[in-house]
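Participant: Below is the structure I would like to discuss, written out as structure tokens.
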Ligand SMILES: Cc1cc2nc3c(=O)[nH]c(=O)nc-3n(C[C@H](O)[C@H](O)[C@H](O)COP(=O)(O)OP(=O)(O)OC[C@H]3O[C@@H](n4cnc5c(N)ncnc54)[C@H](O)[C@@H]3O)c2cc1C
């Protein structure tokens, strides 16, 4: 499903309030795409005095940040947190007047599930699941003593071993072995980045890690050193009321700043100076900023999504069951690829993770399970998905949940990220177009916000000095 249509399945979406265009005359900049990247770019451009038109093909703003209502609860339908690293998003939320509503997740942390009944709390001292101490008790509990000793042995090799691997999978396999990769790293990478570690660039998700390996002499020491550089505290944070409030605040600002927001406006083609709409209209602003996802960018280039570019289906369940009050698996469970008896790849226990949500839910529980296609796809009926989600939640939480305790369910479908290795290398019609957003910045709100702000600052400064 495309980014635009994914929104159609979320009710009461964030960003739906400002729908009517307010013509600005000839724009200085056209921003294509109204996800967080496009909204942030449009806001910063307008703050710098530019006349901005923002084109969004769906009928709401926010892209992968969206809201839906399930059993009367307003919930995030897409992103639900942001990385705290660098403090950039928190500072930005402060600027938007949301600083006081930044909240941390419950510290109990998540679990990882392997076979039936084989569930363990995730080790605490890792980076992307790569342990800072392969023989720590919580690591040994997950991978076993023999694999821990093997990881230690492999990691004592010369630091050059494995250092030339660009992607996380081969890098970790070379330095610490298959068990660390399969039992620790793959569940975390799959749950957080929705791809296998073989398709994720080390430098993108763990900048500085390869340099630290060369400096520190082992991957475990490199992990410890990178972690030591990060500020203490939680790696992620959220917003009381949900991440969709970020979109609400951005949309409000665009309205205040007079940005001409055009919803339901599909861009069919573009280059650095012209934007052709699906209606046939052509805009020729001095600057174009492209803020669409990788799949949509490929469509604009006339290239198909790669064959394995699939779908992620989220099944949300709101239910009442006191046995979940103790949060039997902390804030949720990441499922190792190949785990038997469970088809979901991750479960978030929303009300255990976010105290504000537990308060709003009044004793009910919110569970969100995610599925890759083809495990769940368009051929899966809503009834089938509901039954599967309840069975998986029971298996993952170790509590037999009853259909009768369910008060509401929802199904939301998103495009899976395009695997890293499939990103373009050859010249494209989009070369020369200023690009922001997850497709170029990397997945996640922190990366997206930083990239948009930096790109706009460069654009404004080049125009001022040029
Ligand atoms: C289920 C899910 C959970 C996530 N959880 C987290 C999380 O907890 N923390 C985190 O940091 N990140 C999370 N992310 C990732 C994060 O949401 C994204 O990295 C970020 O929102 C991407 O923003 P964007 O603006 O680059 O792209 P998008 O949000 O994809 O926005 C692109 C916009 O462009 C529009 N568009 C596309 N083509 C055209 C066209 N031809 N013409 C006009 N408009 C077009 C689309 O309709 C869309 O609105 C999650 C993502 C998903 C899907």
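Participant: Calculate for the chain the 222 nm mean residue ellipticity that helices alone would give, adding -39,500 (n - 2.57) per DSSP H run of length 4 or more and normalising by residue count, nearest 500 deg cm²/dmol.
Facilitator: -9500 deg cm²/dmol
Participant: Between residue 211 and residue 124, how high is the FRET efficiency from 1/(1 + (r/R0)^6) when r is the Cβ-Cβ distance and R₀ = 25 Å? Nearest 0.05.
Facilitator: Working: r = 24 Å, r/R0 = 0.96.
Efficiency computed from Cβ-Cβ geometry: 0.55.
Participant: Nearest 5 is fine: what % of DSSP beta bridges in the chain come out antiparallel, could you say? Could the numbers behind the result be given before it?
Facilitator: Details: 43 of 60 bridges.
Bridges in the chain that DSSP calls antiparallel: roughly 70 percent.
Participant: Sticking with this structure for a sec: Taking the Cα-to-Cβ direction at residue 428 and at residue 377 and moving 7 Å from each Cα, how far apart do the two end points lie in nm?
Facilitator: 2.4
Participant: Could the peptides 274-287, 341-354 be put in order, highest first, of the mean number of other beta-carbon atoms found within 10 Å of their residues?
Facilitator: Details: 274-287: 14.5, 341-354: 23.9.
The most tightly packed comes first, giving 341-354, 274-287.
Participant: Oh, and also: Between residue 281 and residue 166, what length in nm is gained on full extension when 0.36 nm per residue of separation is reduced by their alpha carbon distance?
Facilitator: Working: separation 115, 0.36 × 115 = 41.40 nm, distance 4.29 nm.
Full extension of this stretch gives 37.1 nm more.
Participant: Between residue 100 and residue 83, what length comes free when the chain is fully extended (0.36 nm per residue of separation minus the Cα-Cα distance, one decimal in nm)? Mind dumping the intermediate values first?
Facilitator: Values: separation 17, 0.36 × 17 = 6.12 nm, distance 1.70 nm.
Residue separation times 0.36 nm, minus the Cα-Cα distance, leaves 4.4 nm.
The numbers here are math on the coordinates, done by the rules we state, and not lab data. Note that the structure is predicted; figures quoted are calculated from it, not measured. Note: ideal-geometry Cβ built from the backbone for every residue, glycine included; neighbour counts use all protein chains shown.
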